[in-house]
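A short write-up of the structure that comes next.
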Protein chains: 2
Amino acid sequence: MIRLSRKSDYGLVALKALRGLEPGDALSARELAAQLGLPGDMTPKVLARLAQAGLVESSMGKAGGYRLARAAGDISVAEVVRVLDGEPGLAPCREGILECNRIETCDIKHPLDNLHQEVMRVLQGMSIAQL
Amino acid sequence: MIRLSRKSDYGLVALKALRGLEPGDALSARELAAQLGLPGDMTPKVLARLAQAGLVESSMGKAGGYRLARAAGDISVAEVVRVLDGEPGLAPCREGILECNRIETCDIKHPLDNLHQEVMRVLQGMSIAQL
DNA sequence: CCAACTGCGACCGTTCTAGTCCGAGTTTAG
DNA sequence: CTAAACTCGGACTAGAACGGTCGCAGTTGG
């Protein structure tokens, strides 16, 4: 609960390493992994997802690698988490399998949603630049 | 991520049902389960943990059951979650197994902790009475 | 004494996650 | 044109966490 998966953790660290890179440069997944001490084959996966979400750009080929697609200040923690961990969702009563109670749609759903939005607002307020 | 386990969910719903109970009364786990549509044998477990944490009181015997140990306004969501899901902890880099990086103690740990505190502050600010 | 309840621990099955492996496509260097 | 270095994407395995169930011991009220 309120716990980042390792993917999100790795993603944040990687993005942090990627900021402060010269405009033309790029870092390969392998370099990042070695430099940050991340598990070798996990890093490409994380970066790939970030790339297809448009948070980083990738260049193929021999001197390829990754670089931030936007300014570090324009990438929020919330966005990274959403990409790597999927859309959050406070309670698991949405799969349609369970109906919780039949009384309305869960007594506590509404206030819990407010809570969730507040939490997301906090995550939204922090950018990669501030790490 | 930012996701309540079902235990916490059940706990919150149960506490909500327990508030608005006459001072002398008590609800048995079975009654609560039936009334809320929770899985039968899960409810005693959740309530037992809440009881040993001092959030609810239990009375044994034939007419036994559970009731709130404090006013609903004095029980925060954060407390319930902590009891049922364990102490949160934003990132899983504490087990001592991994050292993340050797550079200091994780570049992003500090700002992430701030974030975590803010989230907890949000949870702390909402009580059972407000559900 | 009996019935109904809590309390607590042990026990499975399932699901999610971390992590690894492998093949295919792409670009640059020589 | 060939080879090397890199990204891309899916498939696959192992392990942990979680939800859920069962059974027994202790306790209280009729």
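The values are calculated or read from the model by the stated rules, or taken from the named source; none is laboratory data. The model shown is predicted, which means the values in this text are computed figures rather than measured ones. Here Cβ is always computed from backbone atoms with ideal geometry, including for glycine, and neighbour counts include all displayed protein chains. Ligands, DNA and RNA are excluded from the accessible area calculation, which covers all protein heavy atoms including side chains. Shrake-Rupley method; radii C 1.70, N 1.55, O 1.52, S 1.80 Å.
Below 15 angstrom from the Cβ of B:S58, what's the summed charge of the other residues (Lys, Arg +1; Asp, Glu -1)?
Taking every other residue near B:S58 into account, the sum is +3.
So, in nm, how far is label A:R49 from label B:M42 when the simple model puts each one 7 Å beyond its Cα toward the Cβ?
2.5 nm
Can you check what the net charge comes to around B:G125, using other residues whose Cβ is under 15 Å from the Cβ of B:G125 (Lys, Arg +1; Asp, Glu -1)? Present the calculation step by step, with values, prior to reporting the outcome.
Numbers: positive: A:R121, B:R82, B:R121; negative: A:E118, B:D74, B:E79, B:E118.
Net charge around B:G125: -1.
Take the Cα of B:S59, step 7 Å along the line toward its Cβ, and report every residue of region B:1-42 whose backbone nitrogen sits under 17 Å from that point.
Answer for this model: B:18-32.
Please identify every one of the trypsin sites (Lys or Arg not before Pro) in region A:10-65 that sits in a loop by DSSP and has no more than 11 other beta carbons within 10 Å of its own beta carbon.
A:K62
Report, for B:G54, each distance to the same residue's label point in the other copies, shortest first and in nm; define the point 7 Å along Cα→Cβ.
Relative to the other copies, B:G54 has label-point distances of 5.1 nm.
Count the net charge of all other residues whose Cβ sits under 13 Å from the Cβ of B:D25, scoring Lys and Arg as +1 and Asp and Glu as -1.
Every neighbour counted, the sum reads -1.
Probe 1.4 Å, all protein chains in place: accessible area of A:E22 in Å², nearest 10?
Approximately 130 Å² of A:E22 is accessible to the 1.4 Å probe.
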